[in-house]
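The values are calculated or read from the model by the stated rules, or taken from the named source; none is laboratory data. Keep in mind the model is a prediction, meaning the values are calculated, not measured. As a convention, Cβ positions derive from the backbone with ideal geometry for all residues, glycine included, and neighbour counts pool all protein chains shown. Calculation scope for accessible area: heavy atoms of the full protein, side chains included, ligands and nucleic acids excluded. Shrake-Rupley method; radii C 1.70, N 1.55, O 1.52, S 1.80 Å.
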Amino acid sequence: MLGFEKDLEKLKKLAEFLNADIVVYRSGIFSELMNEFDCIVAYMPTGIIIRSICPHLRSKWVDPAIVVVDKPMRFAIPLLGAHHGANTVAEKLRALGLTPVITTSAEFSDGLCIGIGCRKGTTSDEILKAVHSALEEIGANLKDVRLIATIDLKRNEKGLIEAVDSIKKPLMFISAEEINKMNVRETKATKIGVKNVAEACALFYSKKKELILPKRVYGGVTVAIAR
């Protein structure tokens with residue numbers, strides 16, 4: 001939770017709700033924060049944040065999520081990393097009366113949600129082959145896909161990231177805690193502490209919550225599709 005010292009009381013309220021650390025803004029602070037935290041909630045003007053973070057941006061896969069809260073505490077604006085935590089935090093702040101300002105297209109477009117689980121070290125080609133095979137089973141193709149989702153344990157899975165980058169789709173991550181709250185069947189994924197991976201991830205972001213392709217295993221990749 002980042003902001004000015006003069007706003008400490010409001011920072012404390014936000015930090016307590018989010019179970020976050022409080023950091024008081026000073027010149028150059030973003031060079032430290034960008035490497036230390038995976039999400040920064042900033043109660044300060046957007047312009048200051050943009051000018052401060054620009055020299056430190058690397059890629060969407062390693063940069064932290066950043067959410068801006070406006071001065072009257074009416075809006076929560078995901079500024080960076082919307083699909084990697086910022087949208088989720090902004091939505092969580094609804095409980096404090098803030099309105100999330102969501103601008104990413106995945107939340108407003110229709111289409112299929114693909115849930116993926118994979119073994120460590122699975123290549124991009126293996127994942128793409130599995131995705132195309134799964135879509136072929138239901139008579140669909142990539143243009144019908146809204147987003148791809150997986151468990152957050154795969155946040156640094158190189159092959160998965162490369163595969164999703166190549167087809168230009170949003171990649172969403174879901175925590176084990178969120179999955180285990182869902183009413184989904186248990187699978188062999190219980191070995192890693194979750195009820196289910198592919199089906200749960202597909203259903204989590206789907207609009208109709210309808211599983212149209214139960215999990216299929218293609219080599220080291222598990223795929224499920226929902227709408």
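Observations
- Residue pairs, from the table Lys120/Lys215; Lys12/Lys207; Lys10/Lys154; Lys60/Lys181, whose Cα atoms sit over 30 Å apart: Lys12/Lys207; Lys10/Lys154
- Spin-label zone in the stretch 19-61 - amide nitrogen under 13 Å from a point set 7 Å from the Cα of Leu8 along the C-beta vector: 22-25
- Applying the criteria of a DSSP loop state and at most 12 other Cβ atoms within 10 Å to the trypsin sites (Lys or Arg not before Pro) of the stretch 129-173 yields Lys168.
- Accessible area of His132 in the full protein assembly, 1.4 Å probe (Å², nearest 10): 90
- Taking all protein chains as they are arranged and a probe of 1.4 Å, the heavy atoms of Ser109 leave approximately 40 Å² accessible to solvent.
- Cα gyration tensor shape of the stretch 110-217, rounded if a/c is under 1.5, else prolate or oblate by comparing a/b with b/c: oblate
- Beta bridges per DSSP with both ends in the chain, % antiparallel, nearest 5: 45
- The stretch 1-110 - share of DSSP beta bridges that are antiparallel (%, nearest 5): 30
- Shown is the FRET efficiency for Asn141 and Lys188, computed with R0 = 22 Å from the Cβ-Cβ distance and rounded to the nearest 0.05: 0.15.
- With a Förster radius of 25 Å applied to the beta-carbon distance between Arg94 and Arg51, the computed FRET efficiency rounds to 0.30.
- Accessible area of Phe108 in the full protein assembly, 1.4 Å probe (Å², nearest 10): 140
- Once the Kirkwood radius over Cα pairs is known for the stretch 1-72, the Stokes-Einstein relation at 4 °C and 1.567 mPa s delivers a diffusion coefficient of 105 µm²/s.
- Quick note on the chain: its Rg to Rh ratio, both from C-alpha atoms and Rh being the Kirkwood radius, is 1.01.
- Whichever lysines have a C-alpha closer than 17 Å to that of Lys6, once near sequence neighbours (fewer than 8 apart) are set aside: Lys71
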